[in-house]
Amino acid sequence: MTIDTSGASSHAFAHHPGYRRMFAPGALTLGIFLPLRFYQGDMRALAGQADLVAAMDRQGFAAAWVRDIPLYDRRFGDAGQLFDPWTYLAYLAARTQTLALATGSAIFTLRHPVDLAKAAASIDQLSGGRLVLGTAAGDRASEFPAYGVPHATRGERYAQAVHMFRQLLRPGPAQISGPLGSLDGLELLPKPAAGAIPLVVTSSSGQPLAWIGRHADGWLTYPEATHTPDGPRRLADKIRAWRACIPDGGFRPHMCNEWLDLVDDADYPRTPVRSGYVLRTGRKGLIDLLGEWRDAGVNHAALGIQHGQRPAAQVLQELAEEVLPHFPSHAGVPARGPQW
C-alpha cells in the first residue's frame, strides 16, 4: 500500500479559524494546557475550569489545549483533564467564541481512524472550524495492552492511521483498503468546517524527521533547556533541520510547550525545578524565553500552569495583562457556519 499523507501548505488553512488564530510566519502566540490544576484524587480540582477557559477566550489567548490520556497510570502522576478530550472540547466549544481548540495530543495508535475522524470533524463543525489536531503515537506503554495493540507497532500504526484519517475527511465517498480497515463508497460525515483540519505531529511519533517534514501540517516538540539561551539555540537547529525537509519549502508552524511555575516576583530568574521538568520564573524571564523561542522559529507556545502555587485565575490574569501584549493572537478569520 502506498501511504500518501502529505502535509498541506499554509494556503490550505487560509480560511481555518483555529489555524489562523494561532499561526503566522515569524510570530509567536500563547495557549494554555488544561487542566489548570492537577487531579490528586478529587474531581473538584477541575471545578470552575470552564469559566476560566471562557475568560481566556475574552482575554485574547490563542488556544486551549487538552490531552488524550485514556487510562490513569499512577506512575506518571498525571491524569490530564480527566474528561474525554472530544467530549470536553465540545463543551468548551459552546463556552468560547474565538479560542482555538487544540489536542496535545490525540493518540492515533489507540483509536480507530473512523472514530477519530468522526470526532474531529464533529468538534471542528461545532466550533466553527477552531480545531487544531495534535496527534501522537502514544508514550504510555501501559495503556496499549488494554486496547490489544502491541506497543512495538505504534510507529507503523500511527502512519497508517494518519493516512486513513485524511482519506476519510476528503470530499465524497471513500475508497480505502488498508491494514486498519476498508471502505467502498461509504462516506464519513460531517466534513470539516473549512474543508480540512490541521494535523500536527507530536515529537517523532515513531517517524523519521524526513517523514514529519513531508507529512505534518505542523510540529509540536518538547523544548530544550529553558533556563538559558543555549536551549532555544539548540531548538532553532532542530526547527531548521525539520523545515529543510518540507518539500515545497512552504510555511509549517512549530509549537513548543513548557510546564510553568510563574511566581509573583516579576524579576525572579529562570530556574529549572523538578529535575528540569518545570520552569520557575517571573514574568520578565518568561517574556525573555518566549522571545528566544520566537527567534528560534517557534510559532506557538503552549504553557501548562498546573505546577504553580498561585491561584490559576491570578496567573492567567497576569499572563493576559503583562505577557500576552508581547505575543498577541492573530485576528485570523471568524468562526464559520451556524451556531449549532
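A compact table of results
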{"item": "Scan of segment 299-310 for residues that are surrounded by 13 or more Cβ atoms within 10 Å (Cβ to Cβ) and either of a type in the set (A, V, I, L, M) or assigned to a loop (DSSP other than H, G, I, E, B) (or both), ordered by number", "result": "N299, A301, A302, L303, I305, Q306, H307, G308, R310"}
{"item": "Pair list, Cβ under 7 Å, 6 or more apart: segment 118-129 residue charged (D, E, K, R), other residue assigned to a loop (DSSP other than H, G, I, E, B)", "result": "K118/L188; D124/P192; D124/A193; D124/I197"}
{"item": "Residues of segment 109-146 that turn out to be of a type in the set (K, R), in a loop (DSSP other than H, G, I, E, B) and surrounded by fewer than 24 Cβ atoms within 10 Å (Cβ to Cβ), as a count", "result": "2"}
{"item": "Inter-residue pairs, beta-carbon under 7 Å, first farther than 14 Å from V162 by Cβ and in segment 207-219, second assigned to a helix (DSSP H, G or I) and of a type in the set (A, V, I, L, M), 6+ apart", "result": "L209/A241"}
{"item": "Enumeration of residues in segment 220-268 that are part of a helix (DSSP H, G or I), touching a Pro at 6+ places or on another chain (Cβ under 9 Å) and under 30 Å from I197 (Cα atoms)", "result": "P232, L235"}
{"item": "Selection status of Q59, polar (S, T, N, Q), within 17 Å of the chain's Cα centre (by Cα) and over 24 Å from P338 (Cβ atoms)", "result": "no"}
{"item": "Among (1) part of a loop (DSSP other than H, G, I, E, B); (2) crowded, with 16+ Cβ neighbours inside 10 Å; (3) free of Cβ contacts under 8 Å to residues at least 60 places away in the same chain, the one test that R37 misses", "result": "(3)"}
{"item": "Among (1) more than 19 Å from the chain's Cα centre (by Cα); (2) farther than 25 Å from E187 by Cα - the single one A79 does not satisfy", "result": "(1)"}
{"item": "Selected residue (only one of L126, L180 is under 20 Å from G337 (Cβ atoms) and hydrophobic (A, V, I, L, M, F, W, C))", "result": "L126"}
{"item": "Given (1) at pLDDT below 90; (2) closer than 23 Å to L289 by Cβ; (3) not charged (D, E, K, R), index of the condition A12 fails", "result": "(2)"}
{"item": "Neighbours by Cβ (under 7 Å, 6+ apart or cross-chain): first from segment 148-174, over 23 Å from A121 (Cβ atoms); second of a type in the set (A, V, I, L, M)", "result": "V149/L110; H151/A141; R154/A137; G155/A137"}
{"item": "Breaking point among (1) more than 16 Å from the chain's Cα centre (by Cα); (2) farther than 30 Å from G178 by Cβ; (3) part of a helix (DSSP H, G or I), for V53", "result": "(1)"}
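The values are calculated or read from the model by the stated rules, or taken from the named source; none is laboratory data. For clarity, every value in this text was computed on a predicted model and none was experimentally measured. A quick note on method: Cβ atoms are made from the backbone with ideal geometry, for glycine too, and the neighbour counts reach across all protein chains shown.
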